[in-house]
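Asker: After the structure tokens below, expect a handful of questions from me.
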Amino acid sequence: MAIRDTRADSSPDLSGWSNRNALQRNLSVSQLVKESVRRQESRLAANGSLVALTGPYTGRSPKDRYIVEDDVTRESVDWGEVNLPISPRNFARLHQKVLTYLQSKDAFVQDCFVGADPAYRMPIRVITELAWHSLFARQLFVRPTEQERTSHSPEFTIIYTPGLQAHPKDDGTRSEAFVILNFTKKLVLIGGTRYAGEMKKSVFSLLNFLLPARNVFPMHCSANLGPDGDVALFFGLSGTGKTTLSADPNRRLIGDDEHGWSNNGVFNFEGGCYAKCIRLSPTKEPEIWNALRFGAVLENVVLDDDTLAPDYDDDSITENTRAAYPVDFIDNAVIPGVAGRPRNIVFLTADAFGVLPPISKLTREQAMYQFLSGYTAKVAGTERGLGNEPSATFSACFGAPFLPRRPGVYAEMLGQKLREHPVDCWLVNTGWIGGAYGVGRRMDLPHTRAMLDAALSGALNDVDYGHHPIFGLTVPKSCPGVPPEVLDARGMWADSEAYDATARNLAARFRDNFKKFSGVSEAVKVAGPQA
């Protein structure tokens with residue numbers, strides 16, 4: 001039986017919950033692994049990682065995410081397809097159901113922080129039904145010291161009960177799954193899904209709502225630190241290489257996904273990493289590969305029946321296989337995750353249409369345009385419902401599903417930072433060259449790394465540049481370690497007229513998407529592709 005800490009708890013999230021003696025608080029990694037395996041929630045892989053299956057939900061369920069509409073949120077939240085409202089009454093009903101459900105359950109509690117900078121960090125409490133979810137929270141968020149735990153008082157509490165399903169007709173939800181943020185009660189309720197990423201992204205949404213009022217720019221990006229103290233930020237949607245490219249053996253990792261930019265500099269929101277591990281390779285991604293050991297959590301990774309070795313190439317459960325581990329499992333990580341102001345910002349896109357240059361240097365206005373656009377392209381096999389053709393995806397600020405406020409709030413914060421500080425901005429295409437998906441080929445990771453090394457080191461400052469006639473981008477004609485022909489997106493196509501037609505088509509999609517943004521300056525509007 002796991003050790004139980006039954007200290008009194010007066011936090012409001014547990015009011016009416018009489019079964020407090022069943023709380024197993026702040027268990028260690030070893031204790032949580034032992035409990036999870038004993039309860040048959042998960043299995044131990046040969047590399048020591050804990051492997052869990054998440055059932056029918058193998059990714060986030062954005063259409064089941066709600067924000068309670070009340071006096072705090074009514075005028076400040078950007079209501080719509082991303083931020084769905086739910087009434088305080090329906091929230092109260094589900095909250096009571098959660099408490100009743102937990103009366104007969106043991107529950108696991110982790111007291112954590114979010115925010116590596118003590119000036120801005122927020123104490124949270126995570127209460128979970130499953131031991132492996134508690135381990136996930138312990139490894140992903142910032143871990144307090146034993147002394148800090150004695151005075152820990154949560155500002156927000158997350159209660160996660162995957163075994164409890166909502167009843168849409170009664171509870172005002174769309175399905176049995178629910179993720180509900182209540183800024184007045186300072187509570188997050190999650191149920192009906194085992195996908196642990198819902199915890200992580202719910203907390204990110206909290207910070208995206210709260211931190212702009214503290215003059216902190218919240219960002220969906222990874223960050224690393226060069227040998228001379230230079231900070232680089234990497235914005236990008238899932239599948240663009242954000243985690244892979246920031247885990248650079250020649251630079252120190254600050255964090256792989258969520259950061260704040262304050263007047264002091266950049267700081268990691270988290271204490272861990274959450275990497276996609278489909279087709280993970282020890283040669284291409286040695287830092288991540290070596291981080292997957294005892295204490296790491298793997299989601300939906302298939303194990304060999306005989307050896308229990310993870311098969312990272314097996315996508316029979318999902319393409320979205322995931323690995324969660326503490327950031328200090330990366331050998332050269334910055335601990336704590338706090339650094340100075342950025343010198344470079346990189347926007348990553350996996351352009352499956354194969355028309356964007358592998359690397360381009362951006363003006364400030366172009367950076368604002370690309371930030372608001374948040375472009376990448378999905379391809380068949382990565383998501384249900386996609387056909388054989390690439391699908392253009394635009395996610396404002398490279399994180400629309402997690403932004404409670406309107407995109408202009410975050411774009412203006414970026415613009416202010418760019419006006420105040422000298423920052424070089426880059427657009428990097430990690431997608432296809434020489435043709436669209438199915439015809440061309442994926443950019444070689446070593447070439448992308450070489451381009452980033454050159455950009456971040458200043459080696460691209462003195463090379464000759466050309467001008468992309470459709471997207472208006474400034475493209476280097478040479479780069480150390482990269483064949484010159486690779487830099488010429490149009491020249492890599494066998495049919496230049498087909499390239500022009502495809503590029504014009506994608507440019508039109510950019511323009512159509514950008515029409516939804518109001519209050520944008522004319523200088524930013526014309527920084528995008530023109531007709």
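The values are calculated or read from the model by the stated rules, or taken from the named source; none is laboratory data. Since the model is a prediction, treat every value here as computed from it, not as a measurement. So basically every Cβ, Gly included, is an ideal-geometry build from the backbone, and we count neighbours across all protein chains shown. Quick note on the areas: whole protein, heavy atoms, side chains included, nothing else; ligands and nucleic acids left out. Shrake-Rupley method; radii C 1.70, N 1.55, O 1.52, S 1.80 Å.
Asker: Would you be so kind as to identify which of Ser373, Pro404, Leu427 lies farthest towards the positive end of the dipole of the stretch 343-448, taking Lys and Arg as +1 and Asp and Glu as -1 on Cβ and the Cα centre as origin?
Answerer: Result: Pro404.
Asker: Continuing with this model, one more query. From the phi angles alone, apply the Karplus equation (6.51, -1.76, 1.60; θ = phi - 60°) to the stretch 395-405 and give each ³J(HN,Hα) in whole Hz, x where the residue is Gly or Pro.
Answerer: Once θ is set to phi - 60°, the couplings for the stretch 395-405 become 10, 3, 6, 6, x, 3, x, 10, 10, x, 8 Hz.
Asker: How compact is the chain by the rule of thumb for globular proteins, expressed as Cα Rg over 2.2 N^0.38 Å?
Answerer: 0.96
Asker: How would you rank 79-92, 509-522, 130-143, highest first, on the average number of other Cβ atoms within 10 Å across their residues?
Answerer: Descending mean neighbour count gives 130-143, 79-92, 509-522.
Asker: As a quick test, which of the pairs Lys417/Lys525; Lys361/Lys516; Lys63/Lys361; Lys63/Lys276; Lys242/Lys361 have an alpha carbon distance above 29 angstrom in this structure?
Answerer: As for pairs spanning more than 29 Å Cα to Cα, those are Lys63/Lys361.
Asker: To two decimal places, what compactness ratio does the stretch 321-477 give when its Cα radius of gyration is scaled by 2.2 N^0.38 Å?
Answerer: On the way: Rg = 17.0 Å, N = 157, 2.2 N^0.38 = 15.0 Å.
Rounded to two decimals, the normalised Rg is 1.13.
Asker: Starting from the Cα of Asp500, step 7 Å along the direction of its Cβ; do the same at Ile335; then give the gap between the two resulting points in nm.
Answerer: Going by the 7 Å Cα→Cβ label model, 5.7 nm.
Asker: Determine the per residue accessible area of the stretch 196-352 with all protein chains present and a 1.4 angstrom probe, expressed in square angstrom.
Answerer: Ligands and nucleic acids excluded, the result is 30 Å² per residue.
Asker: Grab the beta carbon distance between Thr474 and Asp512, set R0 = 25 Å, and tell me the FRET efficiency rounded to 0.05.
Answerer: E between Thr474 and Asp512, to the nearest 0.05, is 0.55.
Asker: Something else now. Assign one of three labels to the stretch 287-356, namely rounded, prolate or oblate, based on the Cα gyration tensor with a ≥ b ≥ c the square roots of its eigenvalues; rounded applies when a/c is under 1.5, prolate when it is not and a/b is larger than b/c, and oblate otherwise.
Answerer: oblate
Asker: Also: Note down the relative contact order for the stretch 385-531 as a percent, whole number, built from C-alpha pairs under 8 angstrom at least six residues apart.
Answerer: After rounding, I find 19 percent.
Asker: Heavy-atom accessible area per residue, the stretch 114-163, 1.4 Å probe: how many Å²?
Answerer: Values: 1470 Å² over 50 residues.
Here the per-residue accessible area is 29 Å².
Asker: Right, something else. Over the chain, what percent of the accessible surface lies on carbon and sulfur atoms, probe 1.4 Å?
Answerer: Numbers: 10240 of 20930 Å².
Carbon with sulfur: 49 percent of the solvent-accessible area.
Asker: Which of the listed residues, Thr244, Gly265, Ser222, is farthest toward the dipole's positive end in the chain, when Lys, Arg count +1 and Asp, Glu count -1 at the beta-carbon?
Answerer: Of the listed residues, the answer is Gly265.
Asker: May I pose another question? Say each of Leu44 and Ala119 gets a label point 7 Å from the Cα, pointing the same way as Cα to Cβ; how far apart are those two points in nm?
Answerer: Result for the modelled spin labels: 4.4 nm.
Asker: Give, as a single signed number, the net charge of other residues whose beta carbon lies under 11 Å from the beta carbon of Val334, with Lys and Arg counted +1 and Asp and Glu -1. Please report the intermediate quantities before stating the final value.
Answerer: Values: positive: Arg251, Arg252; negative: Asp328.
In short, +1.
Asker: Provide the per-residue ³J(HN,Hα) series for the stretch 188-201, in order, calculated from phi with Karplus coefficients 6.51, -1.76, 1.60 and θ = phi - 60°, each as a whole number of Hz, with x at glycine and proline positions.
Answerer: Those phi angles translate into 10, 10, 10, x, x, 9, 9, 5, 5, x, 4, 4, 4, 6 Hz.
Asker: With a 1.4 Å probe and all protein chains left in place, how much accessible area per residue does the stretch 386-531 have, in Å²?
Answerer: For the stretch 386-531, the per-residue accessible area is 47 Å².
Asker: Counting pairs of alpha carbon atoms under 8 Å apart in space and at least six apart in sequence, what relative contact order in percent does the stretch 214-254 give? Mind dumping the intermediate values first?
Answerer: On the way: 49 pairs, mean separation 17.7, N = 41.
Relative contact order here is 43 percent.
Asker: Run the simple label-point estimate for Gln103 and Arg364 please: 7 Å along Cα→C-beta, distance reported in nm.
Answerer: 6.1
Asker: Sequence gap at least 6, Cα distance under 8 Å: using those rules, report the relative contact order of the chain to the nearest whole percent.
Answerer: Contact order relative to length: 13 percent.
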